[in-house]
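Q: Here it is, the structure in full.
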Amino acid sequence: MAELAALEDPNTRAVNEKHGDDHGVNLGKLRAVAKRLKTQHELACRLWETGDTAARLLAILICRPKAFGRDELDAMLRDARRPKVHDWLVNYVVRKSPHAEELRLAWFADPDPVVASAGWALTTERVAKKPAGLDLAGLLDVIEAEMKGAPDRLQWAMNHCLAQIGIEHAEYRARALAIGERLEVLKDYPTPPGCTSPYAPIWITELVRRKNDRTGA
């Protein structure tokens with residue numbers, strides 16, 4: 001904890017706080033600490049229990065994802081209110097867990113929109129990698145009905161799922177584009193030069209173009 005405190009930088013904290021994250025540790029330096037420590041699951045659990053955001057991010061990097069039980073991960077997710085902690089926990093830990101699919105189903109319809117956003121994030125991964133068994137048309141129905149009025153974090157996750165369906169599944173691409181164009185979610189989102197807009201029609205079109213360029217289609 002003392003080492004993490006020594007890495008605290010006021011400018012980094014100011015930038016992070018704009019995104020809802022209350023820490024000032026450069027993530028490159030945090031990853032360097034994790035690389036040195038390697039996997040230490042017991043230490044990771046103790047770091048998580050501090051509640052400190054930088055400590056929790058480090059915990060995620062040095063834990064053993066498959067060592068957590070289903071209920072442990074559920075409790076951790078519900079307690080991970082900072083965006084970066086939430087995102088890393090889902091991407092680096094839950095996705096590697098044998099409980100991922102069970103948690104995806106449980107979280108997907110959770111009344112807490114932040115918890116539900118984790119269910120949508122796991123669903124988006126399945127859309128891309130393991131779509132068998134998913135009701136893609138049903139997902140588009142829910143997105144069409146609920147995304148426009150969803151809270152920010154949930155809306156972002158639903159929009160990512162919409163884009164992924166359009167990118168990966170040609171048979172649903174026209175509908176995904178039409179939903180994006182009609183709802184206009186994130187249409188005016190500020191996008192840095194060289195980055196792809198999160199507005200689904202632009203996102204889908206650009207990623208499909210890149211795929212076609214790679215395959216020569």
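The values are calculated or read from the model by the stated rules, or taken from the named source; none is laboratory data. The shown structure was predicted, so the numbers you read here are calculated from the model rather than taken from an experiment. Note that each Cβ is placed from the backbone with ideal geometry, even for glycine, and that neighbours are counted across all protein chains shown. Note: accessible area is taken over every heavy atom of the protein model, side chains too, but ligands, DNA and RNA are not part of it. Shrake-Rupley method; radii C 1.70, N 1.55, O 1.52, S 1.80 Å.
Q: When R175 is evaluated against the numbered criteria (1) open to solvent by 30 Å² or more (accessible area, probe 1.4 Å); (2) in contact with a Ser or Thr (Cβ under 9 Å, 6 or more places away or on another chain), which criterion, by number, is the only one it fails?
A: With respect to (1) open to solvent by 30 Å² or more (accessible area, probe 1.4 Å); (2) in contact with a Ser or Thr (Cβ under 9 Å, 6 or more places away or on another chain), R175 is out only on (2).
Q: Let me ask something else. Any idea how many residues of the range 197-217 are farther than 18 Å from Q155 by Cα, not in a helix (DSSP H, G or I) and not hydrophobic (A, V, I, L, M, F, W, C)? Break it down into steps so the answer makes sense when it comes.
A: Residues of the range 197-217 that are farther than 18 Å from Q155 by Cα, as a first pass: 205-217.
Checking the rest, the ones that are also not in a helix (DSSP H, G or I) come to 216-217.
From what's left, not hydrophobic (A, V, I, L, M, F, W, C): 216.
Qualifying residue count, the range 197-217: 1.
Q: Looking at D188, is it among the charged types (D, E, K, R), assigned to a loop (DSSP other than H, G, I, E, B) and open to solvent by less than 50 Å² (accessible area, probe 1.4 Å)? Break it down stepwise before answering.
A: Numbers: among the charged types (D, E, K, R): yes; assigned to a loop (DSSP other than H, G, I, E, B): yes; open to solvent by less than 50 Å² (accessible area, probe 1.4 Å): no.
Spelling it out, it is not the case that D188 is among the charged types (D, E, K, R), assigned to a loop (DSSP other than H, G, I, E, B) and open to solvent by less than 50 Å² (accessible area, probe 1.4 Å).
Q: Give the residue, chosen from A109, A118, that is under 19 Å from the mean Cα position of the chain (by Cα) and crowded, with 18+ Cβ neighbours inside 10 Å. Give the derivation first.
A: Details: A109 fails: crowded, with 18+ Cβ neighbours inside 10 Å.
From the options A109, A118, the qualifying one is A118.
Q: Taking the range 1-29 on its own, how many of its residues are surrounded by 13 or more Cβ atoms within 10 Å (Cβ to Cβ) and under 24 Å from A75 (Cα atoms)?
A: Result for the range 1-29: 4.
Q: For R153, indicate whether it is farther than 18 Å from R209 by Cβ and basic (K, R).
A: On the way: farther than 18 Å from R209 by Cβ: yes; basic (K, R): yes.
Taking the combined requirement at face value, the residue satisfies it.
Q: Give, as residue ranges, the helices (runs of 4 or more DSSP H) completely inside the range 1-61 that count at least 2 residues that are touching a residue at least 24 places away in the same chain (Cβ under 8 Å). If you could, list the steps in order and put the result at the bottom.
A: Working: elements: 2-6, 10-18, 27-37, 41-49.
Output list reads 2-6, 27-37, 41-49.
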